[in-house]
Amino acid sequence: MQQVDKTVAARRGDLPEIMSDWVHGWAVSRAAPVPVAVPQGWRIDVGVPGHRLRYILHTPDDQWLSQLGERQSTPGTWIKVAADPAHLRGALSPPWTMADTGYLMTTTFTDDADLPPMPYTTRTRITDVVVATVLDATGTPVASGRLAPAGAVGVIDQVETAPAHRRRGLGKIVMRLLGHHAVRLGMHTGALVATDDGCKLYSALGWSVRTPIAAAHVPEPEPTLT
């Protein structure tokens with residue numbers, strides 16, 4: 001598990017605002033419904049298999065969190081909170097299952113953009129979101145990421161590199177390219193939620209961990225083939 005910098009972790013007063021930006025940008029990136037405000041956070045009716053409903057809480061209260069877990073235990077429901085996973089685990093009972101911990105991170109974007117190593121090239125598509133893609137010599141996408149607007153904050157999402165093309169700096173290329181377009185579109189602050197591996201990459205690029213994001217869900221049964 002990543003360690004949260006003590007100085008950064010102490011600045012939790014602005015977490016609700018930062019998390020609001022991330023939540024709304026995530027919804028834009030995933031073409032999900034607009035988040036609905038609930039006590040201590042938001043609800044998103046995602047509506048996809050395995051991820052029907054999502055609650056994201058910025059200041060989880062133990063009692064309310066426990067009550068939420070009891071009321072909303074439909075398979076496919078997720079709860080994510082700005083807290084240590086032990087906090088969430090202690091508040092929920094079966095059928096809730098803990099998931100991997102993420103890390104809310106922020107940065108100040110720069111206008112820098114790196115060229116990919118040969119023989120790779122890049123492609124950018126701008127619609128409601130910015131999609132940056134790295135292509136191999138055959139024109140096949142091998143790395144990509146998305147940038148979604150949340151006011152003046154740019155939310156980065158779904159940064160992925162194909163397994164056969166990892167350890168070549170392509171994730172860095174994608175992140176720099178998204179940051180470049182963020183600045184040009186008037187988004188100077190970045191936010192994202194990273195995995196353990198992603199946290200290492202983003203930290204090396206100047207991103208700071210603000211808080212762990214603990215996660216739990218009620219598993220949805222796999223569909224039965226007939």
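Just to check your reading of the model, which residue among 115, 65 is modelled with pLDDT under 95, out of contact with any Lys or Arg (no Cβ under 7 Å at 6 or more places or on another chain) and surrounded by 16 or more Cβ atoms within 10 Å (Cβ to Cβ)?
Going through 115, 65 in turn, the sole match is 65.
Go through 77, 59, 101, 108 for me and flag whichever is open to solvent by 30 Å² or more (accessible area, probe 1.4 Å) and modelled with pLDDT of 95 or more.
108
Say whether the condition of being under 30 Å from residue 17 (Cβ atoms) and aliphatic (A, V, I, L, M) is met by at least one residue in the stretch 110-122.
Yes, that holds for at least one residue.
On the given criteria, is residue 138 more than 24 Å from residue 186 (Cα to Cα), of a type outside the set (A, V, I, L, M) and free of Cβ contacts under 8 Å to residues at least 12 places away in the same chain?
yes
Check the stretch 142-153 and report whether any residue there is in a loop (DSSP other than H, G, I, E, B) and not aliphatic (A, V, I, L, M).
Yes, there is a match, as at least one residue in the stretch 142-153 is in a loop (DSSP other than H, G, I, E, B) and not aliphatic (A, V, I, L, M).
Which count do you get for residues in the stretch 22-49 that are open to solvent by 40 Å² or more (accessible area, probe 1.4 Å) and assigned to a helix (DSSP H, G or I)?
Here the count works out to 2.
Only one of (1) within 19 Å of the chain's Cα centre (by Cα); (2) assigned to a strand (DSSP E or B); (3) polar (S, T, N, Q) is not met by residue 122, so which one is it?
Unmet for residue 122, out of (1) within 19 Å of the chain's Cα centre (by Cα); (2) assigned to a strand (DSSP E or B); (3) polar (S, T, N, Q): (1).
Condition first: surrounded by 12 or more Cβ atoms within 10 Å (Cβ to Cβ) and touching a Pro at 6+ places or on another chain (Cβ under 8 Å). Now tell me which residues in the stretch 130-151 satisfy that.
Within the stretch 130-151, 133, 134, 135, 136 qualify.
For residue 213, only one of the following conditions fails: (1) assigned to a strand (DSSP E or B); (2) closer than 24 Å to residue 32 by Cβ; (3) touching a helix residue (DSSP H, G or I) at 6+ places or on another chain (Cβ under 8 Å). What is its number?
(3)
Pick from the stretch 152-175 the residues that are open to solvent by 70 Å² or more (accessible area, probe 1.4 Å) and in contact (Cβ under 8 Å) with a residue 40 or more places away in the chain: which of them is farthest from the chain's Cα centre (by Cα)?
Per the stated criteria, the residue is 168.
Inside the stretch 186-209, can you point out the residues that are closer than 21 Å to residue 82 by Cβ, over 13 Å from the mean Cα position of the chain (by Cα) and buried (at least 19 other Cβ atoms within 10 Å of the Cβ)?
Of everything in the stretch 186-209, just one residue is closer than 21 Å to residue 82 by Cβ, over 13 Å from the mean Cα position of the chain (by Cα) and buried (at least 19 other Cβ atoms within 10 Å of the Cβ), namely 207.
Could you tell me which residue of the stretch 88-98 is farthest from residue 218 (Cα to Cα), considering only residues that are surrounded by 19 or more Cβ atoms within 10 Å (Cβ to Cβ) and in contact with a strand residue (DSSP E or B) (Cβ under 7 Å, 6 or more places away or on another chain)?
Among those residues, the one meeting the criterion is 88.
The values are calculated or read from the model by the stated rules, or taken from the named source; none is laboratory data. The shown structure was predicted, so the numbers you read here are calculated from the model rather than taken from an experiment. Note that we place each Cβ from the backbone using ideal geometry, even for glycine, and neighbour counts take in every protein chain shown. Only protein heavy atoms, including side chains, enter the accessible area calculation; ligands, DNA and RNA are left aside. Shrake-Rupley method; radii C 1.70, N 1.55, O 1.52, S 1.80 Å.
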